[in-house]
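Visitor: Got a structure here, written out as structure tokens. Questions coming.
Readers should treat all values here as calculations from the given coordinates under stated rules, not as data from a laboratory. If you're wondering where the values come from, they're calculated on a predicted model, not measured in any experiment. With ideal geometry, Cβ positions are generated from the backbone for all residues, glycine too; neighbour counts draw on all protein chains shown.
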Amino acid sequence: MTPLAGYLLVAALLFAIGLAGALTRRNAILVLISIELMLNAANLNLIAFWRYGPHPEALTGMMFAIFSIAVAAAEAAVGLGLVISIYRHAHTTDIDLMNRMKG
Amino acid sequence: MEMIFYGLAALTLAGGLAAVLLKNTVHCALALTVAFAGLAFQFLELDAQFAGFAQILVYVGAVAILVVFAILLTRGSETPMDGVFSRTWLAGLAIAAAVFAVLSWAVLGSTRALPGPGGAPAATPTATVMQIGNALMGRYVLPLEIVALLLTAALIGAVIVAMHEKAGSL
Amino acid sequence: MIANLDQIFVLLKQFVIGLLPASWQPAAGVVLCVVAIICVFPALFAITVLLERKGLGRMQNRYGPNRVGIFGILQPVADGIKSLTKEDLVPLSADAVVHFIAPVFLVVVVFMGYAVLPMGRNMTLVHLDAALLFYFAIGASTELSVFMAGWSSRNKYSLLGAMRAVAQMISYEVPLLMSSVAVVMITGSLSLDKIVAAQNQYTWGLPHWYIFTPWGFAGFVMFAIAATAETNRSPFDLPEGESELVAGYFTEYSGFKFAEFFLGEYVGMLSISGLGTTLFLGGWSAPLAVLGWVPSWFWFFSKIMLSMCVYIWLRGTLPRLRQDQLMNFAWKFVLPLTLLNLFVTALWRFMGDGWERWVVCSAILVLAYVVMGRTGMHRDHLGARRYRYAD
Amino acid sequence: MQETISFTPQLAASPIAEILWLIPAVPMVASGVIALLKQPKRRTAAALAIGSLSFSLLLALLAFVHVAGAWALGGGIRETVNFTWIQVGSSHVELGWVLDPLAAVMLVMVAFVGLLIFIYSTGYMEHDENYTRFFCFLSLFAGAMLGVVISNSLLLLFMCWELVGLTSYLLIGFWYQKPAAAAAAKKAFMTTRVGDVFFLLGIVWFFAQTGTLLFYNGGAGSLEPAALAALLAQHAALGLTAAGAIGLLIFAGAAGKSGQFPLHVWLPDAMEGPTPVSALIHAATMVAAGVYLIARVYPLMQAGALTGGTTTALTVVTWVGAFTAVFAALIAVAQNDIKRILAYSTVSQLGYMMAGLGMGGVAVGMFHLITHAFFKALLFLGAGSVIHGCHEEQDVRRMGGLRSDMPLTFVTYAIGMLALCGFPLLFSGFWSKDGILEAAQHWSVAKAPFYMLVFGALLTAFYMTRQVGYVFFGYWRGHKTAHESPAVMTVPLAILAFFAMALGVIGTPAWPWFRAFLDGRALTFHMDGFAEPGLIALMGGSTAVVLLGLGLGWWLYGGQAPKPEQPDVLEKAVPVPWGWLHNRLYVDELYGVTVIAFYEWWARVADWLDRRVWGGAVAGVAWLFRGWAQLNRFLDTNWVDGGFDKGCEELATGGGLLSRVQSGRVQTYLRLLALAVVALVAILIWSSRA
């Protein structure tokens, strides 16, 4: 197995773990955590591709990773802010109970 | 080389798993930071110094603290009485597994077909801070500006969203 | 001879490594340096503690420790033995694992910071290209240990202290970073070695330290403020404000764990003053060209100890802030000034040599300082507290 | 008629001309700043306004000195600075400013009088709570007026012109809580609009013909021979050349601003505004803008006139001016409001200026403009001081005997009054009016204007004497006792009084400095300037007329002015014409029954049309559709609905089933998302395999 494939597999596994968390946990904050995990898995992919790709000097993957880190930070801030405000209204962070948008 | 890789992978995955599985929310957050740290080390292992340090600075330094704060601000939500997993956890697990299966299938299927660099790692690419800075100020200046804008918007948005209505004088 | 004295530690290391087989040498070198650091700085820590207790004693019209050894010199040793032999209490309800990890993590992280500090000519453990970033990344993660300590000991005081500490550290980390970015803008590199090299030049025998420029001076002042807050030192020592919460986030710690926190705090102070020295005070470079023959490491360490003395002096002088004052000060005074300082630095960079840039830059900074100071003082949160009686 | 003037065109403008634009710009900026000030910042506002205007005055003086110096070295100069404002395809609109004797003189006058009046206002408006607003408007006005003066482009001139109109509107309605003031402001705005519409037409036509709006542009300007010749070449209606027609249109605009006969109605009402405003805008500067405009486009008006001859445009100007002079003077006789009297006298003096322009050329008219600016400003400020002293009393019948109460005001006012009457030798008004009369005497077309103007002079002397008699002589008929005004008000009076007397010097026939300066001719002092045939006689005659007027006035009103209740002396003598005059010859009423009545009628017609015709049509259509709708409804209820209802029920049940999917749980959606991803990736790989 080539190192690239190794990293990709790790990333995929991490992504799957995150997805599982996002799909199964009930605490909204933990769902957010899981999403962060997924994002980081993506970052790992990007870096790995940059490292082992044909044109590392173009820095594309690196840049992509850095930008996505920045965006992820913003996403975390806003997401947690939302969770907190929801908690203020509903006094719970259990997303099974957050079905006000029920059709 | 291989050993380090496996060790880091194990660390990361263990952290991730713990973050997803543990009962106590704060423990989850801490485990999450472990996972982040592992990822950062993997970045370093991949000669992506800058990204690695940025990862530590942003995630371990900021996001983890943020999460912890959120957890403490939403008190009483750490341990729900009836189980931490939703009733449909089995389906979720299955789907996650399916996703992993497909992804790994894709990876294994494609990297074998990948030419040259797929095999032995290419000569270590140098990504000095200087280069990164030049790239950011040159080719990627527009994305940089956009990200700056996005961060500002996120800052303000987060403040407004999480602000007390009573204290809200904005 | 002089050169040897300057490089004595390097030579020593090479000598020791020389005794080992070639294949071990790189690893051995690293280990050697790490060991050196781990031995030197705790020693400095001990000296500092003694100095502090004596100095504070003098400032407060009392003797300070004077029983153990002559003039109480051996006091630190006694303290160490005491904390080692004391019983290590863990509250029943505490989260034992996290409670144990916190101090260890703190100490480890704090020591990691030294990896990139140039302590003398050719005396940097790791030559990182992004050394500054590394330092801040490491520094940022100390907050985590603080939080772990506070949260895990299941104690209102601890938790409050931890929250205060974390909030404070996060708030002051921004100015800290911003004020050092100014240096990076001028040097054009994140590598501390390069930064020191850039300052290690002389005109008319005077050094090119960044503190001797308008932006550098402003940057240094704000860096010092932020650093004081980062290390939870007085006047920013709310997290362990004895009068309000017993001992802050390490209320529930005792014995050696407590000693670890203590160590962590002081070693953190040492390292951050080392960073400040490197960024603004010319690192290991001599203050005058004529003093160039004195070993570089001597300058570095003397500068560090000098700033430690300043820390002690401040603690002896200033009263403690209030929480809201702390936050407002961070976000509404220091941060804007640092941002302005970045702008000024850019001006400095692009106005070319000549006296104009001195005038313009200092004018802008002084003006901003005066204006913001005045307006800030008028608003009640920065100024003295207004008491409102029942009306 | 004067011979055509030859100015040496300046190729490279001098530095002072380069920065000429600062003169209007500075007060405008100041007004902008003042507008941002808070209400209570009174001192700052006043300081800003006065400071900016004194700066402008300084520049103006520099410019004046520059021009005068160049003239003294021989020949007048005209420097222009032009720049392209808008570039539309090939044609481009240019703006610019000009510095020549005309502009220089006017600049100094406006800035100086304006400054004095600003200072005066600080005292007069002391107790007003909208102090800052007042100074904001004032300095905006000053800027706009100076802009009018320096502008070298008809378009720029028009912009500033409109700005001036706007500020006039704002300042007349400054006390908008008084309904009278608000009405007056509206009236002024509307009436001047009428003129401005013609003006705009003229501008557009001018531009269409000459392709440029610049007056002087090194030979390419619209007032320079080439363009004028082109204008003369082609003919408009009724035997007018294009030049003549445009001239008339522009004159209409000027008439609107300067309150010439058909459009004079707004000026008396404008006295509702604060007195400094009346002095500055409606006596000294703005109303003079019309005259200045004519003087500025004089080459156009004069185009096609053979030497010694005249043109249609100028003839019209003359007749209108002369008629206005007499007409307004007549009305002034029978007014009781101190400011109204002055207002009508302003109108008639403007008539004099117009006539002077028409018959005597630029210098004559402008000279009277300048002198008039000074003494009329003086009179208005004096009136303001009187009103101030009599506690906002404006009716002359409720005053009297003020010469003892307010001596300073009395002296200065008397000087201004004599200057206005044209009292011989010592007073500037005499010389300027004489210049006009002289020109009228030698006018080739008709003699009538001459006699009209003489009669006007007589009336002027008469009504001014009447006013003074009412106000300053006799005994005090008001309620509260009067008091002298503060120094900040009286000092400007004194200064103005000095100029009202001294200014005559520059226009005596013996030493016609002013004319020479404007015409850019060399100046010689020769006593035999008086020796021109008939000049002495003319002067003697006008003197006699003035003395007659004064005497008449004194005889009727000196000393024993009647009580407020009692009718006026003249009213007792000739009640009927008095009534007419007192009601301003019913011009307003005339407009009321003609123009306004017509508009009302037309509005009513339109209203009726709306209600009956269009309304009816719409209603009809509506009825039609209603019927159609009824039909549809019938069809729907009976046939269509059944089917629809069934379908809808089906849909509702289907929707209900579907809405189960919308559980509102995030994780459900996420799950579907993930499944989709799996499917997509699988498809991708599969396809790439094959």
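Visitor: Efficiency by 1/(1 + (r/R0)^6): what FRET value for A:A90 and B:I160, r their Cβ-Cβ distance, R0 = 25 Å, to the nearest 0.05? Could you put the intermediate results ahead of the total?
Guide: Numbers: r = 19 Å, r/R0 = 0.75.
Efficiency for this residue pair is about 0.85.
Visitor: Can I ask one more? Mind ranking A:6-13, D:568-575, D:102-109 by how tightly packed they are, going by the mean number of other C-beta atoms within 10 angstrom, highest first? Mind showing how you got there, number by number?
Guide: Working: A:6-13: 22.2, D:568-575: 14.5, D:102-109: 24.9.
Top to bottom by mean Cβ count within 10 Å: D:102-109, A:6-13, D:568-575.
Visitor: Using every alpha carbon pair in the protein assembly as shown, what percent of pairs falls into each 20 Å bin from 0 up to the bin containing the largest distance?
Guide: Reading upward from the zero bin: 8, 25, 18, 19, 21, 8, 0.
Visitor: Once the other residues with Cβ under 15 Å from the Cβ of C:A368 are scored (Lys, Arg +1; Asp, Glu -1), what is the net sum? Could the numbers behind the result be given before it?
Guide: Values: positive: C:K332, C:R374; negative: none.
Residues close to C:A368 contribute a combined charge of +2.
Visitor: Please give the average number of partner chain Cβ atoms lying within 10 Å of the Cβ of each residue in B:2-11, rounded to a whole number. Don't jump to the answer; show the numbers that get you there.
Guide: Working: counts 2, 0, 0, 4, 2, 0, 2, 8, 1, 0.
That average works out to 2.
Visitor: Looking only at other chains, what is the average number of their beta-carbon atoms within 10 angstrom of each beta-carbon in C:124-134? Show your work: numbers first, answer last.
Guide: Values: counts 0, 0, 0, 0, 3, 9, 10, 3, 2, 8, 7.
What the average comes to for C:124-134 is 4.
Visitor: How far apart, in nanometres, would the label points at B:A153 and D:L548 be if each is projected 7 angstrom from Cα along the Cα-to-Cβ direction?
Guide: For B:A153 paired with D:L548, the spin-label model returns 8.7 nm.
Visitor: Then there's this: How do C:162-175, C:120-133, C:76-89 rank on mean C-beta neighbours within 10 Å, highest first?
Guide: Going from most to least packed, we get C:162-175, C:120-133, C:76-89.
Visitor: For the stretch D:317-375 and the stretch C:93-120, what is the centre-to-centre distance using only Cα atoms, to the nearest Å?
Guide: 96 Å
Visitor: Take C:T375 and D:A233, extend 7 Å from each Cα along the Cα→Cβ direction, and tell me the distance between the two endpoints in nm.
Guide: Label-label distance for C:T375 and D:A233, simple model: 6.5 nm.
Visitor: Of the cross-linked pairs D:K433/D:K572; C:K156/C:K257; C:K194/C:K332; C:K54/C:K257; C:K332/D:K38, which ones have a Cα-Cα span greater than 30 Å in the structure shown? Before the final figure, lay out each step's value.
Guide: Details: D:K433/D:K572 32 Å; C:K156/C:K257 19 Å; C:K194/C:K332 33 Å; C:K54/C:K257 24 Å; C:K332/D:K38 28 Å.
Result: D:K433/D:K572; C:K194/C:K332 exceed 30 Å.
Visitor: Another question, then. Counting DSSP beta bridges in the protein assembly as shown, what percent are antiparallel, to the nearest 5? Before the final figure, lay out the partial values.
Guide: Numbers: 17 of 19 bridges.
For the protein assembly as shown, the DSSP antiparallel bridge percentage is about 90.
Visitor: Next up: With a length cut of 27 Å (Cα positions projected on each helix's long axis) and a Kyte-Doolittle mean of at least 1.0, go through chain D and give me the DSSP H helices that pass.
Guide: Correct list, ordered by number: D:42-72, D:101-124, D:131-150, D:312-333, D:362-389, D:448-472, D:535-557, D:666-689.
Visitor: Further question: Could you tell me how far the Cα centroid of the stretch D:89-107 sits from the Cα centroid of the stretch D:481-497, in Å?
Guide: 38 Å
Visitor: I'd like the mean, over residues of B:129-136, of how many other protein chain beta carbons sit within 10 Å of each residue's own Cβ.
Guide: Numbers: counts 11, 5, 4, 7, 4, 1, 6, 4.
Taking all residues of B:129-136 together, the mean is 5.
Visitor: Sorted by mean Cβ packing within 10 Å, highest first, what order do the peptides D:161-171, D:647-657, D:133-143 take? Mind showing how you got there, number by number?
Guide: Details: D:161-171: 22.4, D:647-657: 10.0, D:133-143: 26.6.
Packing order, densest peptide first, comes out as D:133-143, D:161-171, D:647-657.
Visitor: At a Förster distance of 25 Å, what's the computed FRET efficiency of C:W24 paired with B:A10, Cβ-Cβ distance as r, to 0.05? List each step's numbers first, then the result.
Guide: On the way: r = 27 Å, r/R0 = 1.08.
Efficiency, from the Cβ-Cβ distance: 0.40.
Visitor: Then there is this: How big is the dipole moment of the protein assembly as shown about its Cα centre under a simple scheme where the beta carbon of each Lys and Arg is +1, that of each Asp and Glu is -1, and everything else is neutral? Debye, nearest 20, please. Working shown, then result.
Guide: Numbers: 77 positive and 72 negative charges, 386 e Å.
Roughly 1860 debye, rounded to the nearest 20.
Visitor: Compute the distance from the alpha-carbon center of the stretch D:143-217 to that of the stretch A:1-76, in whole Å.
Guide: 70 Å
Visitor: While we're looking at this one, here's another question. Once label points are set 7 Å from the Cα along Cα→Cβ at both C:V34 and C:A363, what is their separation, rounded to one decimal in nm?
Guide: 5.5 nm
Visitor: Same structure again: Work out the length of the dipole vector of chain C about its Cα centre, built from +1 on the beta-carbon of each Lys and Arg and -1 on the beta-carbon of each Asp and Glu, and round it to the nearest 20 debye. Don't skip to the answer; put the middle values down first.
Guide: On the way: 27 positive and 23 negative charges, 163 e Å.
Charge dipole, chain C, about its Cα centre: 780 debye, nearest 20.
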